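Q: Input: one structure, supplied below.
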Amino acid sequence: MSLQAELEHYRNVLIVRLRGELDHHTADVVRYKMEEALLRGSSDHVILSLKELQFMDSSGLGVILGRYKQVKSKGGKMVVCDVNPSVYRLFELSGLFKILTIHENERTAISSLEVVS
């Protein structure tokens with residue numbers, strides 16, 4: 001299975017919706033798309049919507065951690081929403097939830113960032 005990455009700018013937030021599998025085959029594409037969008041756009045914050053992400057491996061974790069550092073260095077926040085159970089478990093085991101906040105859906109994620117903005 002492949003990966004689809006849909007990126008949308010909403011106010012000062014970049015919403016990244018991932019669908020499919022984020023692994024060593026697709027990690028570079030996501031890295032490139034997110035870096036480009038962050039460098040070109042006026043987004044301070046990032047929401048990762050993982051509702052339709054069926055699988056992720058350590059390469060995916062690396063992409064997310066790298067973009068987290070990029071956003072944080074600009075004074076922004078990254079949050080995650082709509083995480084399915086298998087991906088949630090990987091986040092939990094890796095310790096990513098210690099630095100990333102998780103939200104139930106995009107609406108609550110946007111609300112949390114608008115308070116920060």
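The numbers here are math on the coordinates, done by the rules we state, and not lab data. Nothing here was measured: the structure is a model prediction, and the numbers come from that model.
Q: Rounded to the nearest 500, what is the chain's calculated 222 nm mean residue ellipticity when only DSSP H runs of at least 4 contribute -39500 (n - 2.57) each, over all residues?
A: The per-residue figure over the chain is -13500 deg cm²/dmol.
Q: Just the number, please: percent antiparallel of the DSSP beta bridges in the chain, rounded to the nearest 5. Present the calculation step by step, with values, prior to reporting the outcome.
A: Working: 8 of 24 bridges.
Antiparallel bridges make up about 35 percent of those DSSP assigns within the chain.
Q: Further question on the same structure: So how compact is the chain: Cα radius of gyration and Dmax in angstrom?
A: 12.8, 37
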